[in-house]
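Let me begin by presenting the structure, written as structure tokens, before commenting on it.
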Amino acid sequence: MKEKQTFTVRLDTQLYKKLLYVAQHENNTLNNHLLHIIRSNVQYYEKTHGKINTAAVQLPRENTQEDAAENEQ
């Protein structure tokens, strides 16, 4: 099974409701609908700009409690 990443997206309420409506209208979960949108966007990008080398992309560090404490100082 592929490793999954989780991240937070902040949306205004109207956009969130519209996305939820479209997902439900297409008999889909919001998560699967967003995955479809993201995959389509990445596919388009790679078609126009070339394949992305994911080995060269570093994932952001997780914000740990220690990081939060450092940021407060």
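Bear in mind these aren't lab numbers, they're just calculated from the coordinates by the rules spelled out. Keep in mind that what you see is a predicted model, and the values were worked out from it rather than measured. Neighbour counts are summed over all protein chains in view; Cβ atoms, including those assigned to glycine, are modelled from backbone coordinates with ideal geometry.
Placing R0 at 30 angstrom, the Cβ-Cβ distance between Thr8 and Gln43 gives a FRET efficiency of 0.80 after rounding to 0.05.
Summed over all non-identical Cα pairs, the Kirkwood treatment of the range 7-65 gives a radius of 14.0 Å. Once a ≥ b ≥ c are taken as the square roots of the eigenvalues of the Cα gyration tensor of the range 1-40, is the result rounded (a/c under 1.5), prolate (a/b larger than b/c) or oblate (a/b not larger than b/c)? In terms of gyration-tensor shape, oblate.
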